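*Asks:* Below are the structure tokens for one structure; questions will follow.
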Amino acid sequence: MTSQSAGTADKKILVLNGPNLNLLGTREPAIYGSATLADVEQLAAQTAKAHGLGTTCFQSNHEGELIDAIHGARGTAAGIVINPGAYTHTSVALRDALSGVELPVVEVHISNIHRREEFRHHSYISGIAQAVIAGAGISGYKFAIDLLAEAL
Ligand code: DHK
């Protein structure tokens, strides 16, 4: 679990990373690259700052903790960037939490999930996301924040 904050409370983007993304940098680098979670969070903070926004970054390997973080975004964040990891393909609860807080959501995947195993092709999150970015590496987080900033 990590967290990082910058910027004013009313103009924050919540950047959420799900299970196993704490292993970025060492986990299957041929698929996920060599950047670490700290690199991702720094990129997100820098991108947001360039738009006059702040970030709150959170990673968890536990579904309930991610849901609690989403609930906490209501009234404290202007939008959510989420890489739900494997919960993408399994979690109705995460989808319900995201639609429940009524904030714009951009779903990010470092890898192109559509070029991988069949079980990764379906996302429970995409149906409630404003946009889905997959296969752009960690730049996907930057693109997601650029998009949210444009919409805000
Ligand atoms: C990350 C994971 O941990 C996988 O479970 C997803 C996603 C893909 C990614 O590409 O960032 O299937």
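*Asks:* Kindly check whether there is at least one residue in the range 51-73 that is under 23 Å from Ser123 (Cβ atoms) and near the ligand (Cβ under 10 Å from one of its atoms).
*Replies:* For the range 51-73, residues under 23 Å from Ser123 (Cβ atoms) and near the ligand (Cβ under 10 Å from one of its atoms): absent.
Residue by residue, here is whether (1) open to solvent by less than 40 Å² (accessible area, probe 1.4 Å); (2) in a helix (DSSP H, G or I); (3) at pLDDT 95 or above holds:
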position	(1), (2), (3)
Ile67	yes, yes, yes
Tyr87	no, yes, yes
Val106	yes, no, yes
Gly140	yes, yes, yes
Phe143	no, yes, yes
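*Asks:* Among the residues of the range 2-21, which ones are within 16 Å of the chain's Cα centre (by Cα), modelled with pLDDT under 95 and surrounded by 14 or more Cβ atoms within 10 Å (Cβ to Cβ)?
*Replies:* Listed by number, the residues that qualify are Thr2, Gln4.
*Asks:* Do you know which residues across the range 108-125 are buried (at least 16 other Cβ atoms within 10 Å of the Cβ) and in contact with a strand residue (DSSP E or B) (Cβ under 8 Å, 6 or more places away or on another chain)?
*Replies:* Val108, His109, Ile110, Ser111, Ile113, Ser123, Ile125
*Asks:* Sticking with this one: What pairs come up if the first residue lies in the range 83-100 and is more than 16 Å from the ligand (Cβ to nearest atom), the second is of a type in the set (Phe, Trp, Tyr), and their beta carbons are under 7 Å apart, counting only those six or more places apart or on different chains?
*Replies:* Correct list of pairs: Val92/Tyr124.
*Asks:* Of everything in the range 123-138, what is in a strand (DSSP E or B) and either within 12 Å of the ligand (Cβ to nearest atom) or of a type in the set (S, T, N, Q) (or both)? Give them in sequence order. Spell out the reasoning first.
*Replies:* Filtering the range 123-138 for residues in a strand (DSSP E or B) gives 131-134.
Within the range 123-138, Val132, Ile133, Ala134 qualify.
*Asks:* Further, regarding this structure: Select from the range 89-101 the residues that are open to solvent by less than 50 Å² (accessible area, probe 1.4 Å) and in a loop (DSSP other than H, G, I, E, B) and list them in ascending order. First the steps, then the outcome.
*Replies:* Quick first cut of the range 89-101, residues open to solvent by less than 50 Å² (accessible area, probe 1.4 Å) only: 89, 91, 93-94, 97-98, 100-101.
Listed by number, the residues that qualify are Ser91, Val101.
*Asks:* Does Leu24 qualify as being within 14 Å of the ligand (Cβ to nearest atom), under 13 Å from the mean Cα position of the chain (by Cα), within 18 Å of Tyr141 (Cβ to Cβ) and buried (at least 19 other Cβ atoms within 10 Å of the Cβ)? Even if it seems obvious, please write down each step before you answer.
*Replies:* Numbers: within 14 Å of the ligand (Cβ to nearest atom): yes; under 13 Å from the mean Cα position of the chain (by Cα): no; within 18 Å of Tyr141 (Cβ to Cβ): yes; buried (at least 19 other Cβ atoms within 10 Å of the Cβ): yes.
No: the conditions fail for Leu24.
*Asks:* Give the residue that is surrounded by the most Cβ atoms within 10 Å (Cβ to Cβ), with candidates limited to residues of the range 46-65 that are among the small types (Gly, Ala, Ser) and in contact (Cβ under 8 Å) with a residue 12 or more places away in the chain.
*Replies:* Of everything passing the filter in the range 46-65, Ala48 is surrounded by the most Cβ atoms within 10 Å (Cβ to Cβ).
The values are calculated or read from the model by the stated rules, or taken from the named source; none is laboratory data. Note that the structure is a prediction, hence the values are computed from the model and not measured. Positions of Cβ are backbone-derived with ideal geometry, glycine not excepted, and every protein chain shown enters the neighbour counts. With ligands, DNA and RNA removed, areas are computed over all heavy atoms of the protein, side chains included. Shrake-Rupley method; radii C 1.70, N 1.55, O 1.52, S 1.80 Å.
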